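Some notes on the structure that comes next.
Each reported figure results from applying straightforward, stated rules to the coordinates on display, with no laboratory input. These numbers come from a predicted model, not from an experiment. Heads up, the Cβs are rebuilt from the backbone with ideal geometry, glycines too, and the neighbour counts pull from every protein chain shown.
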Amino acid sequence: MKNIKDQFEQQGYLILDAFATAEQCDQLMERAMLLANDYKQSDRFSIFQTNNQSATTDDYFLSSGNQIAFFFEKGAFNEHGDLKSDLFHSLNKIGHALHDLDPVFEAFSRNEKTRALANDLGLNNHVLIQSMFIFKHAKIGGEVDVHQDSTFLYTEPESCVGFWFALEDATIENGCLWAEPGGHRTPLRKVFKRKEGGGTTMALLDQTPYDSSNMIPLEVKKGTCIVLHGLLPHYSQPNTSGRSRQAYAIHTIDSQAIYPEWNWLQRDAADRRPF
């Protein structure tokens, strides 16, 4: 049987069942609810969308790499700009420095088991650069378009690796991940850049289309860890079910790789720490 490094290099992702305990999953979900309850909505907030980059060009989004910031679903507001539901059930995600700024998320993100996994994958020089708590609420959890994580965390050479933790069962009905096995061997299509003078732009690198016919659903149980290569095309569909699909994700890069200043997420080198 191939070891996990060989499996990862062959298919571009790994599925590790029961990586986190039910207690750990519940603890993260409870902590996210507490953070959301303490959040006071102001004029500074973002609606998270992958298919409308103009919605992510505000200062709040661009400064969230060093913060615990809150992002709303596209369908959370009515025509008058008011929330249709309570604040908690209107949120898309919390990001992007939970792993550094919150003790509960830091303890989960930096632990012996994840460190051992990273070592088994040969990620000895990798550091954590981003984290996200994803709500995917019942009935409102939005679509995440097909993308490659290296589009948003570009390095030279390419080095981004994501660790996605299912805090609840993830099924086709509630919006599980879909991925293209072996798709990490295809080119990087786009990079998401800061523009001089403010805002962002999506720069096209390669016109190779994504092959949606090869995408398969990654239905997993609560506590599963899915490791994602930065070049692996993946997406998730809207959650139209009556059950949420909460998840937590961290993204890592090689500390020895070049991390351009035009990457949207900027953190001091001292803030990029290992597992």
Task: Candidates ILE129, ILE134, ILE140, filtered to the one that is farther than 18 Å from LEU228 by Cβ and touching a residue at least 60 places away in the same chain (Cβ under 8 Å) - done: ILE140
- [ ] Please find, within segment 236-275, the residue that is nearest to MET29 (Cα to Cα) out of those that are among the polar types (S, T, N, Q) and in contact with a Phe, Trp or Tyr (Cβ under 7 Å, 6 or more places away or on another chain).
- [x] GLN246
- [ ] Output the residues belonging to segment 224-257 that are out of contact with any Ser or Thr (no Cβ under 6 Å at 6 or more places or on another chain), under 23 Å from GLU9 (Cα atoms) and either of a type in the set (A, V, I, L, M) or not in a strand (DSSP E or B) (or both).
- [x] THR224, ILE226, VAL227, LEU228, LEU232, PRO233, ALA249, SER255, GLN256
Task: Test: GLY182 is on the phi > 0 side of the Ramachandran plot and without any contact (Cβ under 8 Å) to a residue 60 or more places away in the chain - done: no
Open item on the list: Name the residue that is nearest to GLN24 (Cα to Cα), counting only residues in segment 177-235 that are exposed (fewer than 14 other Cβ atoms within 10 Å of the Cβ) and among the acidic types (Asp, Glu).
Closed with: ASP211
TODO: Answer yes or no: is there a residue in segment 83-94 that is touching a Leu at 6+ places or on another chain (Cβ under 7 Å), of a type in the set (A, V, I, L, M) and on the phi < 0 side of the Ramachandran plot.
DONE: yes
- [ ] Among what's in segment 132-151 and is assigned to a loop (DSSP other than H, G, I, E, B) and touching a Leu at 6+ places or on another chain (Cβ under 7 Å), pick the residue that is farthest from PRO209 (Cα to Cα).
- [x] PHE135
Task: Residue that is under 21 Å from SER109 (Cβ atoms), in contact with a strand residue (DSSP E or B) (Cβ under 8 Å, 6 or more places away or on another chain), touching a residue at least 60 places away in the same chain (Cβ under 8 Å) and of a type in the set (Phe, Trp, Tyr), where the choices are TYR235, TYR248, TYR210 - done: TYR248
Task: Residues (surrounded by fewer than 22 Cβ atoms within 10 Å (Cβ to Cβ) and either small (Gly, Ala, Ser) or touching a Gly at 6+ places or on another chain (Cβ under 7 Å) (or both)) located in segment 85-108 - done: SER85, SER90, ALA107
